[in-house]
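In what follows, a structure is listed as structure tokens, so that the remarks can point back to it.
The values are calculated or read from the model by the stated rules, or taken from the named source; none is laboratory data. Everything quoted here is computed from the prediction, not taken from an experiment. We place every Cβ from the backbone using ideal geometry, glycine too, and count neighbours over all the protein chains shown. The protein model used for the area step is the full one, side chains on, heavy atoms only, and it has no ligands, DNA or RNA in it. Shrake-Rupley method; radii C 1.70, N 1.55, O 1.52, S 1.80 Å.
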Amino acid sequence: MSYRIMRIWLNKYFGFSKGEFNGLMLLILIIGVLKSFPLIYNYYKPIEKDDDNLLASIQKITITDEENFRSTRDKIENSSITKSARLFKFDPNTIDVDGWQTLGLSQKQAQPIVNYRNKGGKFYKAEDLQRMYTISPEMYKSFCLT
């Protein structure tokens, strides 16, 4: 639509004078520029690149976390002298701390399992024991062999 036709149409329906029409056109132009500014800025802004060593740092942190987890679990397993382990068939939903100690866990390993169960946690299948951080994979395998 040409400038002149638009002015006639707006003047017919809204009664704009020439100065008001020019002001309206300037306002529309300013709004258009402001609305298009984010699009133009995003098109021309420089791409931020990650540090080259970022992936290596993330992998190092992951490995360190895994080592700390294993170290903590090993400290818990070896923290106190345990009774000689005797394997037997058991239900993890009913066994108490002494029963876990008979299986070869320490007091510090057995108590979190009992606490989990006392707070409403359930073991529905044998694999659910693997979720307990105090039971090492080797210990879990020895439980499953019985």
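Charging the Cβ of each Asp and Glu at -1 and of each Lys and Arg at +1, and nothing else, the dipole of the chain about its Cα centre rounds to 800 debye. Can you pull the percent of the chain's accessible area that's carbon plus sulfur, 1.4 Å probe, other chains left in place? Carbon and sulfur atoms account for 59 percent of the accessible area of the chain.
Solvent-accessible surface of the range 1-113, taken per residue with a 1.4 Å probe and all protein chains present: 82 Å². From the Cα gyration tensor of the range 3-77, with a ≥ b ≥ c the square roots of its eigenvalues, which class applies: rounded if a/c is under 1.5, or else prolate if a/b is larger than b/c, or else oblate? Because a/c hits 1.5 or more and a/b exceeds b/c, the range 3-77 counts as prolate.
A straight line joining the Cα centroids of the range 87-146 and the range 4-52 runs 69 Å. Here the convex hull built on the C-alpha positions of the chain has a volume of 278 cubic angstrom per residue. Each residue of the range 129-136 was assigned a 3J(HN,Hα) from its phi angle through the Karplus curve 6.51 cos²θ - 1.76 cosθ + 1.60 (θ = phi - 60°); the sequence is 5, 5, 6, 6, 5, 7, 9, 6 Hz, with glycine and proline shown as x.
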